[in-house]
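A quick write-up on the structure given underneath.
Just so you know, all these numbers are worked out from the coordinates, no wet-lab data involved. From a predicted model like this one, the values you see are computed outputs, not experimental measurements. Cβ atoms come from the backbone with ideal geometry, glycine included; neighbour counts cover every protein chain shown.
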Amino acid sequence: MVKDIKQLAIIGSTASGKSDLAIKLAKKIDAYILSIDSLSIYKEIDIVSAKPSKDELSEIRHFGINELYPDEYFSVDIFINLYQKVLQKSREDNKNLIIVGGTSFYLKSLIDGLSEIPKVTSEVSNLVKQQLQNLDNIYNFLVKKDPLYMKNITPNDRYRIEKALLIYEASKLTPTKWFEENKPKPIITDLDIYNIDTNRDILRDRISKRTNKMFEMGLIDEVCYLEQKYTRLPNSMGAIGIVEVFEYLDGKVSKNEMLNNISTHTAQLAKRQQTFNKTQFKNIISAPLNELEDLLI
């Protein structure tokens, strides 16, 4: 019988030093790393996402990085499936697991859990496929049936429309009613969470330096390549660092304005991340990077 492994999480705002700390710790405790970053999950979005270098990725086995193409759909339930596969792999290899990243919403989803969806038969699956051929009609039908659930779903969000329709056809309940009757169950029940608390002035300086480094590494060329290959339509193409480059390419802003906008928007994101981390998790250990290093390494 394989002994259970140790799991812990390192969270913090963008540019706070999470990745470096995670790699150091992984070497010490013989661990794999699962990234919770909404951009690093995508292949080819390398500079914009500031994902670990190839050398860093080769030092420690990483998961949650380069898993999907930019035009593929990513959601919290896909992430949970990924986590469960990584956990199984870690147990098989007798490796501990470090969950690290800035998209702490995914970590919270592991702690809070997700409601299961009803069992979908092949008949229901085929019926839904037929109905989805007219997406507008199905969207309007679901809005009338369950306006509460559908209020945050756009008419062209095929993935979430399909999920709602599968729930309705498989259970004969609206999604809202289904989730009321099938409460989520926690997926992780015991997890140490370490939050890197960074002074805002220091963080702004780091973000500014990182933005300039991204530019020097070929940020504009990367975004041009992504636009040519995937267009501007995928959700991933609306990320900070990409939309500002589009504004520059469209002649709306100068190069300096573009870099300043990326830094400003990234700093605003960092502030939201810090607020989320401090308010959404219980019993976390929050301290500056050097103190967490002393504690963990």
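A few comments on the model shown:
- Note on the chain: GNM, Cα springs under 10 Å; of ASP201, ASP136, ASP30, the largest mean-square fluctuation is that of ASP136.
- Sorted from greatest to least, the principal axis extents spanned by the alpha carbons of the range 1-155 come out as 55, 42, 25 Å.
- Comparing ILE98, ILE187, ILE242 in a Gaussian network model of the chain (Cα springs below 10 Å), the most mobile by mean-square fluctuation is ILE187.
- Residues SER109, SER90 arranged by fewest to most Cβ contacts within 10 Å: SER109, SER90
- Our coupling estimate for the range 33-43, obtained by passing each phi through the Karplus curve with A = 6.51, B = -1.76, C = 1.60 and θ = phi - 60°, is 10, 10, 7, 10, 9, 6, 10, 5, 4, 9, 5 Hz, Gly and Pro reported as x.
- The calculated 222 nm mean residue ellipticity attributable to helices in the chain amounts to -17000 deg cm²/dmol, summing -39500 (n - 2.57) over DSSP H runs of n ≥ 4 and dividing by all residues.
- Translational diffusion coefficient of the range 1-71 (Stokes-Einstein, Kirkwood radius from Cα pairs, 20 °C, 1.002 mPa s): 164 µm²/s.
- Eigenvalues of the alpha-carbon gyration tensor of the range 155-214, scaled by 5 and square-rooted, set the equivalent ellipsoid semi-axes at 42, 21, 9 angstrom, largest first.
- Interchain or long-range residues, amide H under 5 Å from ILE99's placed H: LEU8, ALA9, ILE10, LEU34
- A viscosity of 1.567 mPa s and a temperature of 4 °C, combined with the Kirkwood radius over Cα pairs in Stokes-Einstein, give a translational diffusion coefficient for the range 43-106 of 98 µm²/s.
- Note on SER254, SER122: ascending count of other Cβ atoms within 10 Å places them as SER122, SER254, the fewest first.
- Here the Debye sum runs over all C-alpha atoms of the range 122-181 as equal scatterers in vacuum, and log10 of I(q)/I(0) at q = 0.19 Å⁻¹ comes out as -0.61.
- Phi angles of the range 74-85 translate, via the Karplus equation with coefficients 6.51, -1.76, 1.60 and θ = phi - 60°, into HN-Hα couplings of 10, 8, 5, 5, 5, 5, 5, 4, 4, 4, 5, 5 Hz per residue; Gly and Pro are given as x.
- Taking other Cβ atoms within 10 Å as a rough exposure proxy, GLU169, GLU59, GLU123 sort from fewest to most as GLU123, GLU59, GLU169.
- The trypsin sites (Lys or Arg not before Pro) of the range 116-197 that DSSP puts in a loop, and whose beta carbon has at most 16 other beta carbons within 10 Å, are LYS119, LYS151, LYS172.
- Amide H contacts under 5 Å for VAL120: none, restricted to partners 5 or more places along the chain or on a different chain, H placed in the peptide plane at 1.01 Å from N.
- Taken one residue at a time, the phi angles of the range 216-233 give Karplus couplings (6.51, -1.76, 1.60, θ = phi - 60°) of 5, 6, x, 3, 5, 4, 5, 5, 4, 4, 5, 5, 5, 7, 10, 6, 9, 7 Hz. Gly and Pro are set to x.
- Its residue count N fixes a reference of 2.2 N^0.38 Å for the chain, and the Cα radius of gyration divided by that reference is 1.09.
- Residues whose amide H comes within less than 5 Å of that of ASN195, counting only those at least five positions distant or on another chain, are ILE11, ILE285, SER286, ALA287 (H built at 1.01 Å from N in the peptide plane).
- Fraction of beta bridges assigned by DSSP in the chain that are antiparallel (%, nearest 5): 5 percent
- For the range 178-234, trypsin sites (Lys or Arg not before Pro) are listed when DSSP marks them as loop and at most 12 other Cβ atoms sit within 10 Å of their Cβ; the list is ARG232.
- Each other residue within a Cβ distance under 15 Å of GLU67 adds +1 if Lys or Arg and -1 if Asp or Glu, for a net charge of -1.
- Note on the chain: with a GNM built from Cα contacts shorter than 10 Å, the maximum mean-square fluctuation among ALA287, ALA26, ALA170 falls on ALA170.
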